[in-house]
Amino acid sequence: MKVILTDDVVGVGDIGEIVRVKPGYARNFLVPRGLAMEVQSSSARSIAHKMKQLDAKKKRMRLAAQSEAEKLAAAAVELGLRVGSGGKVFGSVGGRDIAEKLKALGFDIERRRILLHEPIRKIGEHAVKVKLHADVHAEVKVRVIALAATAEEEERETESARKALEEAAAEKEGSDAGDDEELVEDGEPVSSED
């Protein structure tokens with residue numbers, strides 16, 4: 001089913017685009033929430049009028065996004081990760097964490113608009129892109145600082161590493177024992193070279 005998006009929908013498209021979506025998604029989610037309208041449901045004149053309105057709304061949204069991008073460029077987010085005595089980092093910083101900190105600073109940004117390929121697992125300063133509009137991206141400085149890990153977290157990590165080593169050793173012993181078995185055929189041992 002073809003629909004015209006009347007607002008930006010993350011993962012589907014940007015305002016004013018004509019996209020093809022599944023009929024159930026359009027009827028049950030996009031159209032009732034005012035995020036899209038059916039292409040076949042209106043006359044050509046009505047669609048042309050709606051497209052003009054969408055173009056005007058798109059321009060307003062772009063201008064608002066550009067001003068917000070300037071504010072975001074000046075903002076810095078500081079988040080903490082627990083670090084053990086050996087330098088082992090516990091956990092990671094994801095889009096949700098960054099979105100919550102930005103919300104605390106007064107920016108209302110969805111976590112899906114924060115463009116992280118993978119969570120941040122290193123201490124230091126990172127530049128993270130944020131998609132504010134189809135044409136406007138901002139870069140936010142994310143400073144990840146080290147927090148001391150608790151003894152419980154370090155013990156839990158040590159225990160899980162010990163279990164992984166024990167399982168790997170047991171698996172290796174099991175595979176080595178399987179190599180030493182003799183082949184038996186009709187009660188007579190058979191060499192493996194036959």
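Each value in this text was obtained by applying a stated rule to the coordinates, not by laboratory testing. Treat the numbers as computed from the prediction; the structure is a model and nothing was measured. Note that each Cβ is placed from the backbone with ideal geometry, even for glycine, and that neighbours are counted across all protein chains shown.
Worth pointing out:
- Gyration tensor (alpha-carbon) shape descriptor, the stretch 2-65, a/c threshold 1.5: oblate
- Net length gained if the chain between HIS137 and GLN53 were fully extended (0.36 nm per residue, minus Cα distance): 27.9 nm
- Radius ratio Rg over Rh of the stretch 16-164, counting only Cα atoms, Kirkwood formula for Rh: 1.16
- Formal net charge of residues neighbouring ALA74 (Cβ-Cβ distance under 13 Å; K, R +1; D, E -1): -1
- For the chain, DSSP calls about 75 percent of its internal beta bridges antiparallel.
- Hydrodynamic radius of the stretch 73-151 by the Kirkwood approach over all distinct alpha-carbon pairs: 13.1 Å.
- Dipole magnitude (debye, nearest 20) for the stretch 2-65, charges at Cβ of Lys, Arg, Asp, Glu: 140 debye
- Distance between the stretch 42-100 and the stretch 130-144 - C-alpha centres, whole angstrom: 6 Å
- Signed unit charges on C-beta, dipole axis of the chain, positive-most listed residue VAL144, ILE123, MET61: MET61
- Spin-label model, SER175 to ARG82: label points 7 Å out along the Cα-to-beta-carbon direction sit 3.3 nm apart.
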